[in-house]
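Reading through the structure tokens given below for one structure.
The values are calculated or read from the model by the stated rules, or taken from the named source; none is laboratory data. Computed from a predicted model, the values in this text were never measured in an experiment. No Cβ is skipped: glycine too gets one built from the backbone with ideal geometry, and neighbour counts run over all protein chains shown. Calculation scope for accessible area: heavy atoms of the full protein, side chains included, ligands and nucleic acids excluded. Shrake-Rupley method; radii C 1.70, N 1.55, O 1.52, S 1.80 Å.
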Amino acid sequence: MNTGIISKVAGPLVIADGMRDANMFDVVRVSEKRLIGEIIEMHGDRASIQVYEETSGLGPGEKVESTGAPLSVELGPGLIGAIYDGIQRPLNEIMKVAGTNLTRGVDVPSLDHEKKWKFTPSVREGDKVKSGDTLGTVQETAAVLHKILVPNKIEGTVTNIKEGEFTIDEVVAEVDGKEVKMFTTWPVRVGRPYKKKLSPDILLTTGQRPIDTLFPLAKGGVAAVPGPFGSGKTVVQHQLAKWAAADIIVYIGCGERGNEMTDVLNEFPELKDPRTGNSLMERTVLIANTSDMPVAAREASIYTGITIAEYFRDMGYTVALMADSTSRWAEALREMSGRLEEMPGEEGYPAYLGSRLAQFYERAGRVIVNGTEDTEGALSVIGAVSPPGGDISEPVSQATLRIVKVFWGLDAQLAYKRHFPAINWLTSYSLYTDQLENWFKENAAEDFMELRGRLMALLQDEAELEEIVNLVGMDALSAGDRLKLETSRSIREDYLHQNAFDPTDTYTSLKKQVKMMRTILSYYDKASDALDEGADIEMLVNIPVRERIGRYKYEPENKIDEEFESIQAQLDTEIADVLKRSDD
């Protein structure tokens, strides 16, 4: 082991001399307390180390040991349902060792090396395999079949394979004499390899109407959710974790307030998975980093989370990763950059902020994974951004927007009006919309994009008409413009407003979304025709069927067709009645 001596301590940054044989990104153990750190800069034999634990009490002259290996995670059975800190230490196991007060230097294995798992082979002796192929499976939870893959850079003939119950340290197979266990390690800063990246042209359905209809996210896509405090970022991410069409959820709380992470830790085990009816934790990995932890651990948590997500993607699963929030990670980069005395960029953030964010988001994607067969896996990344005061002109939001393709801008005013999800339809966007056009035609409705375009156009018109109303009042508008305002209100209140706590409204299938759009636009078209024939606008605005249109979102899935037909029939009857009364 290469050993050095501390020469300077500055918060989470430790400078050590005599580290000539160490390498960049090596993990080191600092002082007799054996604190975990990582080398982030080398000048000759002088190493700059970011320490992932509290450094108070450290001083010059203490010993630093390099492990000679980069910061890595253990990947294998036991990940699902676990709650880790930023450097993949299991918090439940730490509590057993250290009690409720977390002591420094606690060294607990990331996975349980004592537990036995039932391994079922998928190949036989004599079969030829290459890295990425499935050797066997472990039923980790009711929701997740954990595939044991041939490790990277190993290929050849299976010379030995066993069936039965084993710990993850026992050898379950041999490929050309090379032993394969049920777990592997992987350096967190290195993306896991794959065969080929695919075009993002399949929708990641979420059941959230403003997202699926107006600002869709593709499988393997990247999205940002910026918004001020209280605008509902965490609820949006909870909804996506629960309802997105993903097999595995990785939730990273990289530096949130303690009470927010406590909410997540309490709620996720309680949340019922709509797919299985069991706890959502049966297909979730949580990484919990609170604001009072050392800032360096925030960066580690980001890389730890995405490496675990890539591991499940390589099994052919669809993985959704939530990072809440990347602003805390950026603040950690700013602090470390300042302590390293680097030239600051805008607002004190390091000049490489954009490239670091890009390296993280680039690891998302829909890919053909390694292996003999062309298996498809996808990793979608949704990053929350917490700009101070909701000002998205600040560097982290701007750097993120240059990278991501979907922007769900949360609005404090909408949140104040209790309009949730508070996604502002005038400032948000999705650059996947055109690529998803064919998918929507085949899987939702032939005219889906036309319906969506009409909704957007009405909302844009409403914004312009609102300015006129504010200046000269409602009476200055023509009957046609008043109808536009009323229809837009219906779009906002009946379609874009979605109640996450209502058992029916919390999730809306694509079929129901299409029916809801048709219902609202049908009212607009028929009322417009009636206006042309001389109908009274007041009567059209106040027809009773509008209340049914508003309540349509609370109809259960098995009744939407019947209710749709009934609403259309009532709409025709009431419009005809208005025309008749207007003529009289």
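For the stretch 381-389, the condition holds for at least one residue, the condition being that it is in contact with a strand residue (DSSP E or B) (Cβ under 9 Å, 6 or more places away or on another chain), over 24 Å from residue 195 (Cα atoms) and open to solvent by 10 Å² or more (accessible area, probe 1.4 Å). Looking across the stretch 81-120, the residues that are open to solvent by 40 Å² or more (accessible area, probe 1.4 Å), in contact with a strand residue (DSSP E or B) (Cβ under 8 Å, 6 or more places away or on another chain), of a type outside the set (Val, Ile, Thr) and over 25 Å from residue 302 (Cα atoms) come down to 116, 118.
Name the residues in the stretch 447-459 that are touching a helix residue (DSSP H, G or I) at 6+ places or on another chain (Cβ under 9 Å) and either in a helix (DSSP H, G or I) or open to solvent by 50 Å² or more (accessible area, probe 1.4 Å) (or both), would you? I'd like the intermediate steps shown before the answer.
Looking only at the stretch 447-459, we keep the residues that are touching a helix residue (DSSP H, G or I) at 6+ places or on another chain (Cβ under 9 Å), and these are 447-449, 451-452, 454-456, 458-459.
448, 449, 451, 452, 454, 455, 456, 458, 459, listed by residue number.
If a residue has to be part of a loop (DSSP other than H, G, I, E, B) and within 19 Å of the chain's Cα centre (by Cα) to count, how many in the stretch 362-377 make the cut? Step through it out loud before you land on a result.
Filtering the stretch 362-377 for residues part of a loop (DSSP other than H, G, I, E, B) gives 362-364, 369-375.
If we keep only those that are within 19 Å of the chain's Cα centre (by Cα) too, we end up with 362-364.
Count: 3.
Considering the stretch 432-446, and only residues there that are closer than 26 Å to residue 500 by Cβ and in contact with a strand residue (DSSP E or B) (Cβ under 8 Å, 6 or more places away or on another chain), the residue that is most open to solvent (accessible area, probe 1.4 Å) turns out to be 443.
When residues in the stretch 480-494 are screened for being touching a helix residue (DSSP H, G or I) at 6+ places or on another chain (Cβ under 6 Å), open to solvent by 20 Å² or more (accessible area, probe 1.4 Å) and closer than 26 Å to residue 551 by Cβ, 4 of them pass. Residues of the stretch 123-153 that are closer than 15 Å to residue 163 by Cα, of a type in the set (Ser, Thr, Tyr) and either modelled with pLDDT under 95 or open to solvent by less than 40 Å² (accessible area, probe 1.4 Å) (or both): 137 alone. Of the numbered criteria (1) within 30 Å of residue 202 (Cβ to Cβ); (2) open to solvent by less than 50 Å² (accessible area, probe 1.4 Å); (3) outside any helix (DSSP H, G or I); (4) not hydroxyl-bearing (Ser, Thr, Tyr), the one residue 513 fails is (3). Looking across the stretch 209-228, just one residue is under 19 Å from residue 414 (Cα atoms) and either open to solvent by 10 Å² or more (accessible area, probe 1.4 Å) or without any contact (Cβ under 8 Å) to a residue 40 or more places away in the chain (or both), and that is 228.
Just one of 78, 57 is closer than 30 Å to residue 118 by Cα, open to solvent by 20 Å² or more (accessible area, probe 1.4 Å) and either free of Cβ contacts under 8 Å to residues at least 24 places away in the same chain or not in a strand (DSSP E or B) (or both); which is it? Let's see the steps before the verdict.
Working: 57 fails: closer than 30 Å to residue 118 by Cα.
When all the criteria are applied, what remains is 78.
Just one residue in the set 355, 327 is in a helix (DSSP H, G or I) and open to solvent by 10 Å² or more (accessible area, probe 1.4 Å); that residue is 355.
With 504, 508, 400 as the choices, which residue is closer than 20 Å to residue 552 by Cβ, surrounded by 15 or more Cβ atoms within 10 Å (Cβ to Cβ) and of a type in the set (Ser, Thr, Tyr)? Reasoning before the result, please.
Numbers: 504 fails: surrounded by 15 or more Cβ atoms within 10 Å (Cβ to Cβ); 400 fails: closer than 20 Å to residue 552 by Cβ.
Matching residue, one of 504, 508, 400: 508.
Of the numbered criteria (1) loosely packed, with under 15 Cβ neighbours inside 10 Å; (2) closer than 16 Å to residue 209 by Cα; (3) in contact (Cβ under 8 Å) with a residue 40 or more places away in the chain, the one residue 497 fails is (1).
The residues of the stretch 170-182 that are surrounded by fewer than 21 Cβ atoms within 10 Å (Cβ to Cβ), of a type outside the set (Gly, Ala, Ser) and in a loop (DSSP other than H, G, I, E, B), listed by number, are 170, 176. The listed residues are 137, 141, and the only one of them that is among the polar types (S, T, N, Q) and part of a strand (DSSP E or B) turns out to be 137.
Evaluation of residue 42 against the conditions (1) surrounded by 15 or more Cβ atoms within 10 Å (Cβ to Cβ); (2) out of contact with any Lys or Arg (no Cβ under 9 Å at 6 or more places or on another chain); (3) touching a residue at least 24 places away in the same chain (Cβ under 8 Å); (4) assigned to a strand (DSSP E or B) shows that the sole unmet condition is (3).
Condition check ((1) within 17 Å of residue 489 (Cβ to Cβ); (2) in contact (Cβ under 8 Å) with a residue 12 or more places away in the chain) across all residues:
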| position | (1), (2) |
| --- | --- |
| 424 | yes, yes |
| 427 | no, yes |
| 431 | no, yes |
| 438 | no, yes |
| 441 | no, no |
| 447 | no, no |
| 458 | yes, yes |
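Would you confirm whether or not the stretch 188-195 contains a residue that is on the phi > 0 side of the Ramachandran plot, charged (D, E, K, R) and open to solvent by 10 Å² or more (accessible area, probe 1.4 Å)? It would help to see each step written out before you state the result.
From the stretch 188-195, those on the phi > 0 side of the Ramachandran plot are none; that's our starting set.
Looking through the stretch 188-195, none of the residues is on the phi > 0 side of the Ramachandran plot, charged (D, E, K, R) and open to solvent by 10 Å² or more (accessible area, probe 1.4 Å).
For the stretch 229-258, residues that are in a loop (DSSP other than H, G, I, E, B), in contact with a Ser or Thr (Cβ under 7 Å, 6 or more places away or on another chain) and open to solvent by less than 10 Å² (accessible area, probe 1.4 Å) total 2.
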